[in-house]
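Quick note: the coordinates plus some simple rules give every number you see, no bench work behind them. Note that the structure is predicted; figures quoted are calculated from it, not measured. Cβ sites come from the backbone with ideal geometry, for glycine too, and all protein chains shown count toward neighbours.
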Amino acid sequence: MIYRILIIITLTMSAAFGFSQSEKSRIRDGNNQYEEGNFQEAEKQYRKALMENPGYLKSTFNLGDAMYKQENYEESANLFNEVVERNASKEEKSASYYNIGNTLMKEEKYEESIEEFKNSLRISPENNNAKYNLEYARKKLKEQQKQQENQDQNQDQDQNQDQDKNEDQDQKNDNNKDNKDKDKQDKKDKQDPKNNED
């Protein structure tokens with residue numbers, strides 16, 4: 001009986017160990033593909049690792065990186081948010097916030113990216129990359145706001161010019177109408193005396 005229990009425990013532990021080795025092996029394969037620039041292949045390996053162990057944060061984080069490299073920024077940000085929301089270490093959370101900030105910057109959502117870089121720095125104040133990207137995002141936000149202001153001013157000018165053109169056209173139309181009315185009156189005046197002479 002004890003022998004049977006030991007066999008069952010051994011088989012269970014072997015299966016768990018094999019399962020763990022398989023997901024780690026897939027992550028290593030994915031990392032190798034990622035380093036070689038084969039981001040789609042890396043994605044496949046990370047997804048397989050997640051199928052084997054859906055709660056494995058390293059797979060989720062690495063998949064977020066692979067999606068970022070494939071310019072699928074929305075899914076990338078969602079994956080990094082998933083890491084933040086789960087029971088991740090401080091380092092994993094800080095790195096995820098940093099990566100979310102980068103995905104938002106790629107989408108030119110500078111205001112939101114600034115908040116994510118701040119979140120990263122609250123956890124890891126020594127992160128120089130987050131500091132640099134925070135300042136860069138602030139600079140890009142100012143440029144974006146200035147560009148928006150210029151576009152708004154140009155639209156206002158265009159509307160004013162269109163309004164001026166419409167007013168000029170209305171004035172011309174009024175002048176033409178007045179001239180036509182005057183011509184009609186002149187013709188009528190010329191015709192009336194002839195009628196009187198008859």
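Does the stretch 74-164 classify as rounded, prolate or oblate by the C-alpha gyration tensor (a ≥ b ≥ c root eigenvalues; a/c under 1.5 gives rounded; else a/b over b/c gives prolate, otherwise oblate)? Can you show the working numbers first?
Working: a/c = 4.98, a/b = 2.61, b/c = 1.91.
Judged from the Cα gyration tensor, the stretch 74-164 comes out prolate (a/c at least 1.5, a/b above b/c).
Stretching the chain fully between Glu126 and Ser22 yields a gain of 33.9 nm (0.36 nm per residue, less the alpha carbon separation).
So what's the net charge close to Glu35: Lys and Arg +1, Asp and Glu -1, counting the other residues with Cβ under 12 Å from its Cβ?
Values: positive: Arg28, Lys69; negative: Asp29, Glu36, Glu41, Asp65.
Once positives and negatives cancel, what remains is -2.
Can you bin the stretch 16-98 into rounded, prolate or oblate? Criterion: square roots of the alpha carbon gyration tensor eigenvalues sorted a ≥ b ≥ c, rounded for a/c under 1.5, prolate for a/b above b/c, oblate for the rest. Please report the intermediate quantities before stating the final value.
Details: a/c = 1.93, a/b = 1.11, b/c = 1.73.
The shape class here is oblate.
Scalar couplings 3J(HN,Hα) for the stretch 111-119, obtained by applying the Karplus form with A = 6.51, B = -1.76, C = 1.60 to θ = phi - 60°, are 4, 5, 5, 4, 4, 5, 5, 4, 4 Hz; x denotes Gly and Pro.
Given their separation in residues at 0.36 nm each and the Cα-Cα distance between them, Gln40 and Lys139 gain 32.4 nm when the chain is fully extended. For the pair the stretch 63-102 / the stretch 108-162, the C-alpha centres are spaced 21 Å from each other. Distance between the modelled labels on Gln151 and Arg47, one decimal in nanometres: 3.4 nm (7 Å Cα→Cβ projection). Here r is the Cβ-Cβ distance between Glu107 and Gln159 and R0 is 22 Å; the resulting FRET efficiency, rounded to 0.05, is 0.15.
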